Amino acid sequence: MNDELINQFIETWGTMGSAWGVNNSVARVHGLLIITDRPWCIDEIVERLQISKSNVSTSLKELRSWNVIRKVFLPGDRREFYACEPNAWEMLFNIMRQRKKRELDPILASISSTCEQAKKAPSGIAVDRLAQMKQMLDVFDNLATLALKSEAQVKALVSLLPKRK
């Protein structure tokens with residue numbers, strides 16, 4: 001594959017990751033593993049992306065915690081290699097699961113607790129607005145839970161959407 005195309009994708013994925021709150025190095029390492037069709041060892045990633053070994057190691061650990069990459073071993077080589085989840089849909093659902101767990105669930109728990117406390121001492125607190133926020137977040141939580149329960153149904157729904165030109 002063309003190096004210029006690979007570099008362009010890696011930088012685009014890094015920029016997108018940063019916009020979504022993902023560390024740029026983590027996103028760039030992920031981009032490299034997505035765009036190339038082979039496993040990479042840490043030293044190769046360091047050389048290719050020109051970032052420190054500790055940064056690559058930390059990035060790989062983070063990506064593994066999201067279940068979007070996996071460790072692989074090549075016959076006759078003692079090094080650890082890393083490869084991207086081959087199924088883009090599976091990768092998307094793994095990211096959705098982790099974002100829900102790491103971001104939506106704690107916010108929902110906090111809002112729920114705040115609402116309960118606000119009902120007991122409503123003076124000066126926008127109780128109705130907090131209740132609306134909780135209701136809205138409950139809707140998102142239910143949608144996320146339903147979507148993550150049946151990947152096949154989500155794919156079927158997506159197939160019904162109009163095609164973009």
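The values are calculated or read from the model by the stated rules, or taken from the named source; none is laboratory data. Keep in mind it's a predicted model, so treat the numbers as computed, not measured. Positions of Cβ are generated from backbone atoms using ideal geometry, with glycine treated the same way; all protein chains shown enter the neighbour counts. Please note that ligands, DNA and RNA were not included when accessible areas were found on the heavy atoms of the full protein model with its side chains. Shrake-Rupley method; radii C 1.70, N 1.55, O 1.52, S 1.80 Å.
Descriptive notes on the structure:
- Kirkwood radius for the chain, taken over all pairs of different Cα atoms as the inverse mean of 1/r, rounds to 18.7 Å.
- Residue-normalised accessible area of the chain, given per residue in Å² at a 1.4 Å probe: 67
- Neighbour cut-off at most 16 other Cβ (10 Å), DSSP loop, chymotrypsin sites (Phe, Trp or Tyr not before Pro), segment 68-157: Phe73
- Segment 28-160, accessible surface, carbon-and-sulfur percent (1.4 angstrom probe): 56
- Mean separation of Cα contacts under 8 Å (6+ apart) over length of segment 1-71, as relative contact order %: 27
- FRET efficiency for the pair Glu11 and Ala152, taken as 1/(1 + (r/R0)^6) with r the Cβ-Cβ distance and R0 = 30 Å, rounds to 0.30.
- Mean residue ellipticity (222 nm) of the chain, computed from DSSP H runs ≥ 4 via -39,500 (n - 2.57), nearest 500: -21500 deg cm²/dmol
- Length gained on full extension, Glu90 to Leu143: 17.3 nm, using 0.36 nm per residue less the C-alpha separation.
- Scattering curve values for segment 9-76, log₁₀ I(q)/I(0), Debye with Cα scatterers, q = 0.15 Å⁻¹: -0.42
- Based on C-alpha pairs under 8 angstrom that are at least 6 apart in sequence, the chain has a relative contact order of 14 percent.
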